[in-house]
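The structure appears below as structure tokens.
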């Protein structure tokens, strides 16, 4: 049996069990909708303008935050990775800040910045800087010294070594960091929408649907949309990474 | 001696200077938003050790938060390792559930908060469910991956020593999979802390997250910062415990640092 057939059997089985559990009355049909109702709701939402605005608001905040985080984290990582003194000096600060879950800063950020989109973006940047920065520092540690020495003996200066040798060989790791950060940024954006009482956003939509009338069909449809976005981003970045860095010999993580 | 002193100075000077600048600036500006660090520490001591409501802070907030985080995480560890081992050992298991699991894993775990609010309400069941759902995928999928890395030398060796069937999983498969499993455990631990905070920020019934929101609502920023610091300490402590366990259980591994890069937070 080919793999794709098994894939489809698995998915069909999942929906059949879900539908069956609801039909048999094992759970309350009012609180747990069967999959065909969720699918119908999903189809309605996709063409619904106000839901589209919610999705766009969330995706836009995410899409603005991620490049900013890359712009901060990669230079910072290169700096801290290549200057041992700077690394030692900032280590205590970094180790102090890192364990604080980024979402714990949401109430503070709401007070300092307000409840608007800038709060989403600021916190998403803050949260996504860490994985990219750590992966960059790590990558600099892992650089083959032979490459650096070769470049040096060809007369490359510090900056040129950085641009021509260090950065390219660090890229696969940096990219893994970006992939992790893409997921984290989305989590932070949605959480800010919950807590800040945002006007727009997929998080706001789902929370409003759950708290008011307990419309699980709407909540699940929104969850499927968020999941699809998360899946496409992760899968897209992973494929892109595999394609761009096929020359790389480093073992890249899968998580 | 001198070198050690220099190293110590180098290591701590920036943090100390930053905290010092914060202290002076906050005292001079008198801003209620950013209270000086010494005040935050005093506030923390009063909240958790010396003040009148110390007992309530522990029994109503800190311990419930910790229990939910660790409880949810441990449930995920059990489910993830058992199901992951079974799926990793079976020839076609992952082909049936792979796409479904990949999708479940890609759902931003905080999206499950509204789902479980409808199903379970605002209390502990909802928070536990969110933490379990959010943390189980990295453990499960890393276990599947790890179980599949058992190489032919390991299986042949075990076979030539006539390792009995019932000891096969425990003494061959799981040890070989352990580095991968630990990578999953680390990722999921930071997700567990994050989801604990989020579920409490939204389901404002008890816990550290709830304290954060109520301090924000009452505009008591010193209290808010104190709880943030506590969350940092908890996150650090849980991660440190896990690292100790990992070091202990993976002593025999020749080189593990290639697995370390994925521990994103």
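Readers should treat all values here as calculations from the given coordinates under stated rules, not as data from a laboratory. If you're wondering where the values come from, they're calculated on a predicted model, not measured in any experiment. FYI the Cβ positions are ideal-geometry reconstructions off the backbone, even for glycines, and counts take in every protein chain you see.
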Do the sum for chain A: with -39,500 (n - 2.57) for every DSSP H run of n ≥ 4, divided by all residues, what is the mean residue ellipticity at 222 nm, to the nearest 500 deg cm²/dmol?
-26000 deg cm²/dmol
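Per the Cauchy relation, a quarter of the hull surface: what is the mean projected area of the convex hull of the alpha carbons in the range B:110-265, in nm²? Working shown, then result.
Numbers: hull surface 46.0 nm².
The directionally averaged projection comes out at 11.5 nm².
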Roughly what angle does helix A:35-46 make with the longest principal axis of chain A, taking Cα atoms, 0 to 90 degrees, to the nearest 10?
70 degrees
Quick note, the range A:1-118: a/c under 1.5 would make it rounded; otherwise a/b > b/c is prolate and the rest oblate (a ≥ b ≥ c, C-alpha gyration tensor); here it is prolate
May I ask you to order A:47-59, B:23-35, B:154-166 by the average number of other C-beta atoms within 10 Å around their residues, highest value first?
A:47-59, B:23-35, B:154-166
Note: A:204-210 gets an average of partner chain Cβ contacts (10 Å, Cβ to Cβ) equal to 4
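Using only alpha carbon pairs under 8 Å that are at least six residues apart, calculate the relative contact order of the range A:49-124 and give it in whole percent.
Numbers: 22 pairs, mean separation 32.9, N = 76.
For the range A:49-124, the relative contact order is 43 percent.
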For the range B:103-170, averaging the sequence separation of alpha carbon pairs under 8 Å that lie six or more residues apart and dividing by its residue count, the contact order in percent is 28 percent
Show that you can apply the helix-only estimate: for chain B, add -39,500 (n - 2.57) for every DSSP H stretch of four or more residues, divide by all residues, and state [θ] at 222 nm to the nearest 500.
-24500 deg cm²/dmol
0 to 90° range, to nearest 10: angle between helix A:49-82 axis and chain A longest Cα axis:
20 degrees
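Based only on other Cβ atoms within 10 Å, what is the fewest-to-most ordering of A:134, A:205? Don't skip to the end; give the middle numbers.
Working: A:134 24, A:205 27.
Exposure proxy ranking, most exposed first: A:134, A:205.
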A correct Stokes-Einstein calculation for chain B, using the alpha-carbon Kirkwood radius, 4 °C and 1.567 mPa s, returns a whole-number D in µm² s⁻¹ of 61 µm²/s
If one compares the long axis through the Cα atoms of helix B:208-217 with the longest principal axis of the Cα atoms of chain B, the angle in degrees, nearest 10, works out at 30 degrees
Where only alpha carbons of chain A are counted, the Rg and the Dmax (Å):
22.6, 76
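With an 8 Å Cα cut-off and a minimum separation of 6 or more residues, compute the relative contact order for the range B:1-76 in percent.
Numbers: 24 pairs, mean separation 10.1, N = 76.
Taking the mean separation of contacting Cα pairs over the length of the range B:1-76, I get 13 percent.
Order these by the 10 Å Cβ neighbour count, fewest first: B:180, A:204, A:120, B:4. Show your work: numbers first, answer last.
On the way: B:180 25, A:204 21, A:120 31, B:4 8.
Fewest-to-most ranking of B:180, A:204, A:120, B:4: B:4, A:204, B:180, A:120.
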Running Debye on the range B:1-85 with equal point scatterers at the Cα sites and no solvent, what base-10 log of I(q)/I(0) appears at q = 0.13, 0.16, 0.23 Å⁻¹?
-0.79, -0.86, -1.01
For peptide B:225-234, what's the mean number of Cβ atoms from other chains within 10 Å of each residue's Cβ?
3
Partner chain coverage, peptide A:151-162 - average Cβ within 10 angstrom
0
Highest GNM mean-square fluctuation, chain B, Cα pairs closer than 10 Å: which of B:220, B:151, B:42?
B:151
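Could you list A:225, A:21 in order of exposure, starting from the residue whose Cβ has the fewest other Cβ atoms within 10 Å? Before the final figure, lay out each step's value.
On the way: A:225 22, A:21 13.
Ascending Cβ contact count within 10 Å gives the list A:21, A:225.
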What is the P(r) of the protein assembly as shown, as percent of Cα-Cα pairs per 10 Å bin from 0?
4, 16, 27, 27, 17, 7, 2, 0
